[in-house]
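Comments concern the structure below.
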């Protein structure tokens, strides 16, 4: 095995190595491409340019242009081409530059990939992976700051995962590549640079459909995924030191299948739930969670289920407006305090 | 070339008749409410269907749009499995989950009838890419209608196929109308085959009602795709006798005279006349017609007696084996009735 370029993922063969989220994704891709010749990466600027967010840096040199394929700007075309190759048993990993651009391929994802298993009576499978980052926070404004994963997670026939840290980024991407069904891997722009310990074991896999208790606590459960988990952990630490409130943080890791068992077990312990997402709450991930929690935990709840998401406007450009609209630390903290009875029941506006 | 190839092929004539009789029966069964949903009849297009399928090898792959009964039959899917699918029965080729628009038979390289106009094009293009990746020297035949060529997916697919030199032939069945809109009212360039040139791709138009002509062109273009990895567009000009679907009488956008004119050029009658010229006997051809009729009758009888799919297998095939374990924690808090409808029978196949 060759070490491709200076900034490719560190070699890691045992124990753990500290690396960024993007390096963990790269390591997962490298390991899976080394393990299985049918795995290939396809997307805009994944080869020569080394990926818009440098996830695929060095992979073209290591695996060549037949396995790291630069496409034209043609999402509907190459997502569909990924589906077709997958039908023949290839394992395409299609990178979409950001989830905002997946909209032009929506017909292929929702109306084609998701339907194959059922509509053709189980006669053919579609082991396709689509990787794409969501999220706002960099003043990218209305068309480039969105989080649509809930739309996909609401579609039977798809699987959707959203790693929140480097170890899960590696383990979930690898598991997605090995899965026989179409899987959307939702990455996140602000956490590409986040560092964490990542197991070097090439068989480090994170099962699809299992949430993780990221922080234990007795007073309230904060349920989140992706970057919202990172914010939730920050809030939990702050509330512990400033208010003595011990929040449990449940990182969903997978949106479809959704691990309601782990969420419900946490809420049954804490009797209170605050749900956080980067997307808009209406009809969103938190709406789904709230519905399932009220059914699974009806007798356990000591307070209304609260939720925090992006304010329901197209995301604005001005830094102060963008901050206000995103599920920032202050808004999450206010919701948690209200839920444990230490703040106003309906959080006030930040302005 | 054409004569040598098609010769005295009474089997191709029989295949065309099988499709015509099957379609006539499908419309009858639809009107008797034994077939539901949409039902798109291809009567009048048999020469294009049979000629292009005849040009395929056993290892080539086929992808079609939703007007796919004829293609399934021509490719050799048993009429029983097709009719059972139209009836929504367990032994249908998609086990009653797909219906008229979503026939398939992977064992015959038929990767589906797809229901969204032009949606099958990127997928067929990817199948061609998959053939290359796997070192196979086979080709894909991707059927579409004239209505699909104004979709973005058409342009994106042709661009990728030409850019990556994929072994695929896009068969445009120009039956002159996308639903009720004529090609002239929909396409700024109504000579559809010419659009291939925008992608530096071979484009060719044939009389889609001439079995010999269709077979010759499709054979040549598929061979070129296989051997030289040169994609192509083959436009077959034909006519659909019936409406867009069984629910459409097909008369408010075209005249009875126009339909009668098309029927006077009937591809099956033309094939019969040519076979007689080449030495086939009337008896031979009549026997072929009887066999086709018997096959359709047997298909209907089979479908009638085939059981409906079991409701306890509602989610059958939706996910791969092992997925049950992934979904198990989702049972908790699920909406009323999901346990019985979805989870109990298993999400994984």
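Some observations on this one:
- Kirkwood hydrodynamic radius over Cα pairs of segment A:16-199, then Stokes diffusion coefficient at 25 °C and 0.890 mPa s, in µm²/s: 151
- Averaged over the residues of peptide B:329-342, the number of Cβ atoms from other protein chains lying within 10 Å of each residue's Cβ is 5.
- Centroid-to-centroid separation of segment B:58-90 and segment B:147-195 [C-alpha atoms, Å]: 23
- Rg then Dmax, both in Å and based on the Cα atoms of segment A:216-351: 13.9, 44.
- Among the residues of B:89-99, the average count of other protein chain beta-carbon atoms within 10 Å of the residue beta-carbon is 3.
- Listed residues A:175, A:108, A:139, most fluctuating in chain A (Gaussian network, C-alpha, under 10 Å): A:139
- Result for chain B in a Gaussian network model with C-alpha springs under 10 Å: among B:81, B:139, B:292, the largest mean-square fluctuation is at B:292.
- Per residue of chain A, the DSSP helices (runs of n ≥ 4 H) give a summed -39500 (n - 2.57) that works out to -10000 deg cm²/dmol at 222 nm.
- For chain B: relative contact order, % (alpha-carbon pairs under 8 angstrom, 6 or more apart): 22
- 222 nm mean residue ellipticity, helices alone, for chain B (DSSP H n ≥ 4; -39,500 (n - 2.57); rounded to 500): -13000 deg cm²/dmol
- Amide N proximity, segment B:149-176 versus residue B:200 label position 7 Å along Cα-to-Cβ, cut-off under 14 Å: B:159-166
- Oblate is the label for segment A:143-212, because a/c, from the alpha-carbon gyration tensor with a ≥ b ≥ c as root eigenvalues, is 1.5 or above and a/b does not exceed b/c.
- Ordering of B:181-191, A:91-101, B:117-127, A:60-70 by burial proxy (mean other Cβ atoms within 10 Å per residue, highest first): B:117-127, A:91-101, A:60-70, B:181-191
- Kirkwood hydrodynamic radius of chain A, from inverse mean 1/r over distinct Cα pairs, in Å: 20.6
- Where Rh is the Kirkwood radius over Cα pairs, Rg/Rh for segment B:72-226: 0.97
- Peptides A:180-188, B:243-251 ranked from most to least packed give A:180-188, B:243-251, packing being the mean of other C-beta atoms within 10 angstrom over each peptide's residues.
- Cα extents for segment A:54-162 along the principal axes, largest to smallest and rounded to whole angstrom: 45, 36, 23.
- Comparing B:219, B:255, B:52 in a Gaussian network model of chain B, where Cα atoms under 10 Å apart are tied by springs, the biggest mean-square fluctuation is seen for B:255.
- With a 10 Å cut-off around each Cβ of A:90-99, the average count of Cβ atoms from other chains is 1.
- Cα centroid of segment A:63-106 to Cα centroid of segment B:296-349, whole Å: 30
- Rg ratio (alpha-carbon, reference 2.2 N^0.38 Å) - segment B:2-309: 0.94
- Mean separation of Cα pairs under 8 Å and 6 or more residues apart, divided by the residue count, gives chain A a relative contact order of 15 percent.
- Computed E for residue A:295/residue A:142 - FRET, C-beta separation, R0 35 angstrom, nearest 0.05: 0.50
- Cα centroid separation - segment A:290-309 against segment A:128-174, whole Å: 24
- Whole-number percent relative contact order across segment A:49-187, with pairs defined as alpha carbons under 8 Å at least 6 apart: 24
- Enclosed volume per residue, in Å³, of the convex hull spanned by Cα atoms of the protein assembly as shown: 162
Any read-out appearing in this document is the output of simple, stated calculations on the displayed coordinates, not a laboratory observation. Keep in mind that this is a model prediction, so the values were computed, not measured. No Cβ is skipped: glycine too gets one built from the backbone with ideal geometry, and neighbour counts run over all protein chains shown.
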